[in-house]
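The values are calculated or read from the model by the stated rules, or taken from the named source; none is laboratory data. Worth saying up front: this structure is predicted, and the values here are computed from it rather than measured. Backbone-built Cβ (ideal geometry, glycine too); neighbour counts: all protein chains shown. Heads up: the accessible areas ignore ligands, DNA and RNA and are worked out on the full protein's heavy atoms, side chains in. Shrake-Rupley method; radii C 1.70, N 1.55, O 1.52, S 1.80 Å.
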Amino acid sequence: MLVSATALLGATLGTVSGVLTLCGLSLLCKSCKKGKLERGDETDPEKAKPSILHSLTQFSVQKCTEPIQPQASLKFPRIYSPKPSVTSQEVVNYKEHGAANDTYAAELDTCNQATEREEVFSLPRQASTDETPCTSEQTGAMTTSSSILYPKLHFFISLHKENGELHISIVEAENISVEAGCEGYISGCVSISEEQKHAHTAVHKLAVHVQWGEELVFALPMESTDDTVSLDGEVALSLHCCDRFSHNSTLGTMRFKLADISMMLDADCWVDLQPPKQEVASSAGELLLSLSYLPAANRLGVVVMKARGLQSDKLKDNIDLSVKLTLKHQNDKLKKKQTRRVKHKMNPVWNEMMMLELPSELLAKSSVELEVLNLASPGTLLPLGRSMLGLQTSGTGLQHWKQMLDNPRKQIAMWHPLYT
């Protein structure tokens, strides 16, 4: 009995150990087989069998060793705000001046937006395919005061001793810039003491170059001892233009003293005709303006700052002042703008920037007219005085415009007298 129990226990233990051994061997074989399959897939991917983990579609990835060049990012060109500079005899130093410069930078960012209180006229343009003046660069040279061509007059002087006559032979004129269809002539005036003697040539159709070939004769008193002019006097030669509407205007004038005739006898004289001077009139006050021109954007900036010394009988009842600006090209009005109204102040301050589109090729023949207005009653604007700026003007208007041309992208401030 004891032996049979021992045999049964040994058989049972042997059977369990055998089963465990067989299970261990089977697991070891499976693991070895699985390892061989994985190593075979890594060495030869084309012989791998499809499964959930291995797809039939194979991807080949190639590594590139070439360096990648960084691409330049597009940036809008930085526009620098011009610094204010004062060129007038009186230094401008007040707090409101900075406000005008802040407004100037804001205007540059919105150069394509319309401005309030403006009236736009047709703008003559040159042939161009670029329709974005705010970001385009000018290919031509900027117009400066030294590059402006004034009309030139060619003449020579002869003195007839036996008759006591002064002969001025008008040969030709060039660099004449007028509209088509205009006519013109040359006039001469000899002033001796309080007496004036006038003469003029025939009327010719004006062009860039005009030939006259005529003589202007003036009688002069001569001394018996020498052949010089006995009295002090002045000779003036002027080029006049008459348009199709019969509007007469003076394009230029030159003057010389009678005492200098001896140095000019029998010599070919080429003289630049200067723009005519403004008529002397009583000033109704002064207006402070700042000019700047941006060649890249074709923009003319006019800052209407303030006025002082306004003297007029039209300010007794009501004081409501504003400034009207008119941009002209020759005789054509291109654009009108007007500032806000300032009430109850004899020395009003506006500090308003007005941006005007004006190509650089039109600067030489363009002008700006400013007029101070008073709203006496609803709907009734009374002019107090006006001022002109441009190369066709004189005085501070001509000086200010030339300084603006010689200093692009800079603000130039100057006081201007107002004339009634």
Qualifying positions in the stretch 338-372 - assigned to a loop (DSSP other than H, G, I, E, B) and not basic (Lys, Arg): THR339, HIS344, MET346, ASN347, PRO348, LEU358, PRO359
Selection status of MET354, touching a residue at least 60 places away in the same chain (Cβ under 8 Å) and out of contact with any His (no Cβ under 8 Å at 6 or more places or on another chain): yes
Unmet requirement for VAL368, which otherwise passes all of (1) over 30 Å from ASN298 (Cβ atoms); (2) at pLDDT 95 or above: (1)
Residues that are over 15 Å from SER238 (Cα atoms) and surrounded by 20 or more Cβ atoms within 10 Å (Cβ to Cβ), drawn from the stretch 158-175: LEU166
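Look through LEU321, LEU391 and report the one residue that is aliphatic (A, V, I, L, M) and closer than 26 Å to CYS241 by Cα.
None of the other options fit; the residue is LEU391.
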Some residue of the stretch 320-331 being small (Gly, Ala, Ser) and closer than 30 Å to LEU153 by Cβ: no
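Going by what's in this entry, would ASP260 be described as outside any helix (DSSP H, G or I), farther than 30 Å from LYS205 by Cα and open to solvent by 20 Å² or more (accessible area, probe 1.4 Å)?
no
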Those residues of the stretch 406-420 which are at pLDDT 90 or above and within 23 Å of GLU352 (Cβ to Cβ), in sequence order: ASN407, PRO408, ARG409, LYS410, GLN411, ILE412, ALA413, MET414, TRP415, HIS416, PRO417, LEU418
For ALA364: the one exception among (1) open to solvent by less than 20 Å² (accessible area, probe 1.4 Å); (2) small (Gly, Ala, Ser); (3) within 22 Å of LEU391 (Cβ to Cβ): (1)
Residue within the stretch 328-346 that is open to solvent by 40 Å² or more (accessible area, probe 1.4 Å), among the hydrophobic types (A, V, I, L, M, F, W, C) and in contact with a strand residue (DSSP E or B) (Cβ under 9 Å, 6 or more places away or on another chain) present: yes
Residue pairs meeting the criteria (Cβ under 7 Å; at least 6 apart or on separate chains; first outside any strand (DSSP E or B), in the stretch 289-314; second open to solvent by 20 Å² or more (accessible area, probe 1.4 Å) and acidic (Asp, Glu)): ALA296/GLU137; ASN298/GLU357; GLY309/GLU286
Only one of VAL349, VAL372 that is β-branched (Val, Ile, Thr), under 22 Å from LEU310 (Cα atoms) and crowded, with 20+ Cβ neighbours inside 10 Å: VAL372
